[in-house]
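Visitor: Submitted below is the structure of interest, expressed as structure tokens.
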Amino acid sequence: RILEPLLAATASEMGVKYKRLSIRRQRTRWGSCSARGTISLNCCTLFQPPAVARYLLVHELAHTLHMNHSKRFWDCVERHCPDYRCLDRELSKGWQRVPSWALEV
């Protein structure tokens, strides 16, 4: 109810399309994008500040255009999220913001 509308709005803003959204609780990844256009997001994204969560959405949606981390990929991310470097560092520390109960099996 929260991540899907945000992803749809961000995709529209970026002018990109994705096939579907999968939300899972992953232990090591915040998100991914499959070659078939499925965006997978970690449910713990909900514990991140809005700007950090938005950066993650932009990052994964940029993979719908560039399935790598090439210069063109990062140029796309920067176009839609100019402060992505800082936000990426914040996302790296993001597990510290997730309450322990959300990580239990």
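The values are calculated or read from the model by the stated rules, or taken from the named source; none is laboratory data. Just so you know, these numbers come straight off a predicted model, no measurement behind them. Don't worry about glycine lacking a Cβ; one is built from the backbone with ideal geometry, like all the others, and counts go over all protein chains shown. Just the protein is used for accessible areas: all its heavy atoms, side chains included, with ligands, DNA and RNA removed. Shrake-Rupley method; radii C 1.70, N 1.55, O 1.52, S 1.80 Å.
Visitor: Based on this model, can you work out whether HIS66 counts as over 12 Å from the mean Cα position of the chain (by Cα) and open to solvent by less than 70 Å² (accessible area, probe 1.4 Å)?
Guide: yes
Visitor: Right, next: Can you spot a residue in the range 19-36 that is among the hydroxyl-bearing types (Ser, Thr, Tyr) and touching a residue at least 24 places away in the same chain (Cβ under 8 Å)?
Guide: yes
Visitor: Looking at the range 9-29 only, could you name the residues that are of a type in the set (Val, Ile, Thr) and open to solvent by 60 Å² or more (accessible area, probe 1.4 Å)?
Guide: Passing the criteria: ILE23, THR28.
Visitor: Here is a list of conditions, (1) of a type outside the set (Asp, Glu); (2) at pLDDT below 95; (3) in a helix (DSSP H, G or I), and VAL105 meets all of them except one; can you say which number that is?
Guide: For VAL105, the failing item is (3).
Visitor: Quickly run through the range 69-87 and pick out the residues that are open to solvent by 60 Å² or more (accessible area, probe 1.4 Å) and of a type in the set (Asp, Glu). Before you say what the answer is, go through the steps one by one.
Guide: Quick first cut of the range 69-87, residues open to solvent by 60 Å² or more (accessible area, probe 1.4 Å) only: 69, 71-72, 74, 78-79, 82-83, 85-86.
Those that are open to solvent by 60 Å² or more (accessible area, probe 1.4 Å) and of a type in the set (Asp, Glu): GLU78, ASP83.
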